[in-house]
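S.K.: Shown below is the structure under consideration.
The values are calculated or read from the model by the stated rules, or taken from the named source; none is laboratory data. A quick note: this is a predicted structure, and the numbers were derived from the prediction, not measured. Because the Cβ atoms are built from the backbone with ideal geometry, glycine has one as well, and the counts that use them run over all protein chains shown.
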Amino acid sequence: MAEEKMRILTMLSEGKITPEEAEKLLSAVDKQTPPNSSGKSLLDSMENKNFYVQVEPKEGKSSEKVSVKVPFALLKAGLNIAGLIPKDAQDKINSTMSEKGINFNLNDLSQDNITEIMSALEDLTIDVDTDDAKIQVYCK
């Protein structure tokens with residue numbers, strides 16, 4: 001980890017990245033393996049957490065009620081959760097994340113990026129309130 005931090009600082013000193021970019025990268029490196037007494041990695045500590053998607057139709061609307069709970073352990077195994085979420089809910093989630101400046105698409109989940117995604121999901125909360133339904137995406 002110290003090696004990664006040195007590379008970031010070197011790129012900063014060479015002017016290849018801005019101080020803000022360096023700060024984000026250093027923060028990301030620190031999040032990868034936070035110190036804990038058990039010696040577990042971030043992914044190991046997230047094994048008992050879940051990713052939730054809930055769609056509650058508003059009174060008098062014909063939307064379907066959706067409740068999805070996916071253990072992080074399945075995400076770690078590379079499960080494509082997009083297949084579990086209705087297409088219209090996926091579109092609303094992707095659209096809302098895009099509006100918030102987060103370039104994320106549920107269809108882009110892969111074994112290659114699952115570690116990065118799980119780390120980002122740890123603090124994720126999305127609330128979408130439409131005329132037809134209330135949509136919540138969160139982890140706990």
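S.K.: In the set ASP88, ASP127, which member is at pLDDT 80 or above and in a helix (DSSP H, G or I)?
M.R.: ASP88
S.K.: Residues to consider are LYS58, LYS100; find the one that is of a type in the set (Lys, Arg) and at pLDDT 85 or above.
M.R.: LYS58
S.K.: When you check ASN107 against the structure, is it part of a loop (DSSP other than H, G, I, E, B), of a type outside the set (Ser, Thr, Tyr) and modelled with pLDDT under 80, yes or no?
M.R.: No; evaluated as a whole, the condition is false for this residue.
S.K.: Out of LEU79, LEU43, LEU75, I need the residue that is of a type in the set (A, V, I, L, M, F, W, C), in a loop (DSSP other than H, G, I, E, B) and modelled with pLDDT under 80. Which one?
M.R.: Every option except LEU79 fails the conditions.
S.K.: Follow-up question, since we're still on this one. What do you reckon, is SER67 at pLDDT 80 or above, on the phi < 0 side of the Ramachandran plot and either in contact with a His (Cβ under 8 Å, 6 or more places away or on another chain) or among the polar types (S, T, N, Q) (or both)?
M.R.: yes
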